[in-house]
Amino acid sequence: MGLADELGDKLAIDVLKIVDKLGDDQLIMEVAKVLAASSTPTEEAFLSAVRVRQAEARARSFLRQRVRDLLKDQGGGDAKGG
C-alpha cells in the first residue's frame, strides 16, 4: 500500500466515524474537495477507501440481518452481531 493509499484510508476511517455520529454525508465530498486541491492521488485513495468501507459495512449489516432471519425461521433464537 502506497503512502497516498495509507493516508487516504486512515482519513476515510476518521471521516466515516464523524459522518456516522453527525449524519452529514456531505462531509465526505467536502474533505475530498480539500484533498483534490492539493493531491489528486490522495483524493482518489480517500474516495476509494470510503466506497470500500461503506460497501463492507452494508454487506455486514445485510449478513447480520440474514442470519437473524434464518435463525428466526428455524426457531433458533438471536444471532449476535459484531
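What follows draws every value from the coordinates through simple rules; no lab data is involved. Please read these numbers as outputs of a predicted model, since none were measured by experiment. Backbone-built Cβ (ideal geometry, glycine too); neighbour counts: all protein chains shown.
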Quiz item: Quick one: if you stick a label point 7 Å off each Cα along the C-beta vector at residue 53 and residue 66, how many nm between them?
Solution: 2.4
Practice problem: Can you spot the aspartates and glutamates whose alpha carbon is less than 14 Å from residue 10's alpha carbon? Ignore those fewer than 8 places along the same chain. | Solution: 43, 44
Exercise. List the aspartates and glutamates whose Cα lies under 13 Å from the Cα of residue 17, skipping any in the same chain that are fewer than 8 positions away.
Key: 9, 25
Quiz prompt | the stretch 3-74 - percent relative contact order, Cα under 8 Å, separation 6 or more | solution = 39
Quiz item: When the chain is fully extended, how far beyond the present Cα-Cα distance does residue 6 get from residue 21, taking 0.36 nm per residue of separation?
Solution: 3.1 nm
Quiz prompt | More than 20 angstrom apart: percent of Cα pairs within the chain | solution = 45
